[in-house]
Amino acid sequence: MKDFFIFKPCKGEDSFKLAPQKKVDRAKLIQAILKEFSGKITADTSFITIIDIGKPRITITRKGEIIVREVKEEEVNELSGKLMRLI
C-alpha cells in the first residue's frame, strides 16, 4: 500500500501535490529536506515555506501539504518517494 497520493492540481503546470496518509511534522520535514537535498529556504511565513533544491522547488504548507514545482511527471514518483521517507 502506498503511503501517499500524488495529485496534479493544475493542468499545464509542472507541479504536483503530495498527500501523505500520515500526519506531517512540518518543522522536522523542512529540516530533513534542507539536509538531504542541500536546499535553501527562499520564503518562510507562518502559512508556507518554499525550499529551493535546485530544480524543483518544494512548498510545505502549514497543514503539512507538500507541493513540488518545476518537476516533470516522470521524475515526480522518484522524488516523492524520497520525500516520503523523510517524514
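Since every read-out is calculated from the coordinates, none of them should be taken as a lab result. Keep in mind the model is a prediction, meaning the values are calculated, not measured. Positions of Cβ are generated from backbone atoms using ideal geometry, with glycine treated the same way; all protein chains shown enter the neighbour counts.
Counting other C-beta atoms within 10 Å, and keeping those with at most 12, which DSSP coil trypsin sites (Lys or Arg not before Pro) do you find in the stretch 8-87? Spell out each step's value before the answer.
Details: sites: Lys11, Lys17, Lys22, Lys23, Arg26, Lys28, Lys35, Lys40, Arg57, Arg62, Lys63, Arg69, Lys72, Lys82, Arg85; in loops: Lys11, Lys22, Lys23, Arg62, Lys63, Lys72.
The qualifying sites are Lys11, Lys22, Lys23, Arg62, Lys63, Lys72.
With +1 on the Cβ of every Lys and Arg and -1 on the Cβ of every Asp and Glu, and nothing else charged, how large is the dipole of the chain about its Cα centre, in debye rounded to the nearest 20? Display every interim value, and only then the final one.
Working: 18 positive and 13 negative charges, 69 e Å.
In total the dipole reaches around 340 debye.
List the lysines whose alpha-carbon lies under 18 Å from that of Lys72, not counting same-chain residues fewer than 8 positions away?
Lys8, Lys11, Lys17, Lys55, Lys82
222 nm [θ] for the chain, helices only, -39500 (n - 2.57) per DSSP H run of 4+, per residue, to 500?
Details: 2 runs with 26 residues, N = 87.
Theoretical 222 nm ellipticity from helices: -9500 deg cm²/dmol.
Convert each backbone phi in the stretch 56-67 into a coupling constant with the Karplus relation 6.51 cos²θ - 1.76 cosθ + 1.60 (shift: θ = phi - 60°), then list the ³J(HN,Hα) values in order as whole Hz, x for Gly and Pro.
Once rounded to whole Hz, the list reads x, 10, 10, 10, 10, 8, 4, 7, x, 6, 10, 10.
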